[in-house]
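Notes follow the structure.
What follows draws every value from the coordinates through simple rules; no lab data is involved. It should be emphasised that the depicted structure is a prediction, and the values quoted were computed from it without experimental measurement. Using ideal geometry, Cβ is built from the backbone for each residue, glycine included, and neighbour counts are taken over all protein chains shown.
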């Protein structure tokens with residue numbers, strides 16, 4: 001080996017004591033990469049537990065993929081066999097009931113973690129420059145999750161699965177000119193049947209791996225400029241600490257609490273997050289009284305129901321998601337964190353309450369008081385992003401920003417001592 005080669009070898013491998021790891025890392029520096037990204041990665045020292053939900057979502061994604069692969073080994077994607085294969089998994093496969101409940105509950109846990117992650121980003125301004133692309137890829141992940149969840153919802157082939165697939169696919173028929181062709185392509189024919197199940201099964205299996213790919217790009221974009229922080233100012237060298245062991249321990253504590261909640265639903269209330277009508281085999285001749293998706297899709301379903309015109313309803317539902325792509329440009333304030341934006345903070349919590357209203361009202365029949373509440377909730381959702389966000393950013397007077405994260409911490413510490 002040349003002197004130059006020896007020096008390069010020493011530079012890339014001296015930190016690893018295991019000779020096998022050193023040999024591999026010299027030729028494929030994966031361990032150096034992981035050491036830098038997971039150990040030495042400089043992280044703001046003031047991150048709170050709301051920053052745990054990004055890693056929690058990643059862990060649940062892995063759980064969903066592993067359990068999904070096992071379930072796929074026993075599932076039969078046919079009109080006559082789908083429901084029976086799910087019953088076979090629950091009754092005959094060793095620990096099949098547990099694997100299925102982990103998978104079905106995991107879908108709700110995944111969306112809950114991602115929604116908290118998104119609202120944390122909205123509160124602390126994590127979508128602002130230079131992290132716009134990071135935010136956009138997060139919205140892409142949300143869209144892929146929604147598509148995956150819808151395809152998975154149809155697979156048990158219960159009453160709600162069948163009619164959910166029928167109603168949601170027929171929404172595309174509202175698109176002028178090409179709508180009917182899109183519906184035929186989605187269904188694989190002129191009605192919901194074996195071809196539909198096969199297509200949805202294939203897509204439900206494929207999309208989680210697409211999500212993994214986008215998550216990796218999301219992480220690359222995150223590490224390009226580093227994590228945002230509760231103060232919302234750019235970090236200086238004295239404001240950061242290595243990710244390990246400080247945040248690995250913090251993440252493990254958050255994971256422990258999260259798994260307790262996850263386990264409680266799995267073992268004590270596995271059906272609480274599922275629609276009971278899906279325990280009835282699909283029957284094309286009997287329409288359920290109210291066709292509703294799972295709770296995590298109810299806000300968009302509520303917006304769809306708030307508009308009496310089918311085409312405008314579909315446009316409003318799609319617009320409610322696509323609107324998130326342009327949030328970085330709708331917010332005109334130069335200040336990131338809501339801690340220093342008193343007016344924005346008020347409207348943020350109104351938005352949270354509005355989304356909770358849409359979740360609750362989305363599962364109710366669109367009539368009477370519920371219809372009024374749905375329309376008010378949908379109207380405010382668009383009003384918040386299109387009117388409130390730009391105007392507040394333009395006219396609000398933010399509080400003074402600290403010079404650094406360390407200065408902010410010292411000020412808080414001195415204040416507590418004086419108290």
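Between region 233-251 and region 142-169, how many Å separate their Cα centres?
When both Cα centres are located, 40 Å separates them.
At 7 Å along the Cα-to-beta-carbon direction for both residue 315 and residue 181, put a label point, then send me their distance in nm to one decimal.
Each label point lies 7 Å from its Cα, and together they span 2.1 nm.
Can you give me the distance in nm between label points at residue 403 and residue 84, each placed 7 Å from the Cα along the Cα-to-Cβ direction?
7.6
Rg to Rh for region 106-195: what is it, with Cα atoms only and Rh by Kirkwood? Don't skip to the answer; put the middle values down first.
On the way: Rg = 17.0 Å, Rh = 15.4 Å.
The Rg/Rh ratio comes out at 1.11.
Evaluate E = 1/(1 + (r/R0)^6) for residue 289 and residue 212, where r is the Cβ-Cβ distance and R0 equals 45 Å; express this FRET efficiency to the nearest 0.05.
Details: r = 38 Å, r/R0 = 0.85.
For R0 = 45 Å, the calculated efficiency reads 0.70.
If you take the Cα Rg of the chain and divide it by 2.2 N^0.38 Å, with N the number of residues, what do you get? Before the final figure, lay out each step's value.
On the way: Rg = 24.5 Å, N = 419, 2.2 N^0.38 = 21.8 Å.
Compared with the compact-globule rule of thumb, the chain sits at 1.12.
Grab the eigenvalues of the alpha-carbon gyration tensor for region 311-399, scale each by 5, take roots, and send me the semi-axes largest first in whole angstrom.
Numbers: eigenvalues 148, 45, 17 Å².
Working through the eigenvalues yields semi-axes of 27, 15, 9 Å.
So how far, in whole Å, is the C-alpha centre of region 332-355 from the one of region 63-103?
43
Working out 0.36 nm times the residue gap between residue 167 and residue 248, then minus their Cα-Cα distance, what length gain in nm do you get to one decimal?
Numbers: separation 81, 0.36 × 81 = 29.16 nm, distance 4.43 nm.
Separation in residues times 0.36 nm, less the Cα-Cα distance, equals 24.7 nm.
For region 224-355, what's the relative contact order in percent, using C-alpha pairs closer than 8 Å and at least 6 residues apart?
Working: 39 pairs, mean separation 34.4, N = 132.
Across region 224-355, relative contact order equals 26 percent.
Can you order the peptides 64-72, 158-166, 245-253 by their average number of other Cβ atoms within 10 Å per residue, highest first?
158-166, 64-72, 245-253
Helix-only mean residue ellipticity at 222 nm, the chain, DSSP H runs n ≥ 4 weighted -39,500 (n - 2.57), per residue, nearest 500. What is it? It would help to have the intermediate numbers written out before the result.
Details: 18 runs with 268 residues, N = 419.
Value at 222 nm, helices only, nearest 500: -21000 deg cm²/dmol.
Just to be sure I understand: with springs between alpha-carbon atoms less than 10 Å apart, which residue in 233, 177, 405 has the highest mean-square fluctuation in the Gaussian network model of the chain?
Comparing 233, 177, 405 in a Gaussian network model of the chain, the most mobile one is 177.
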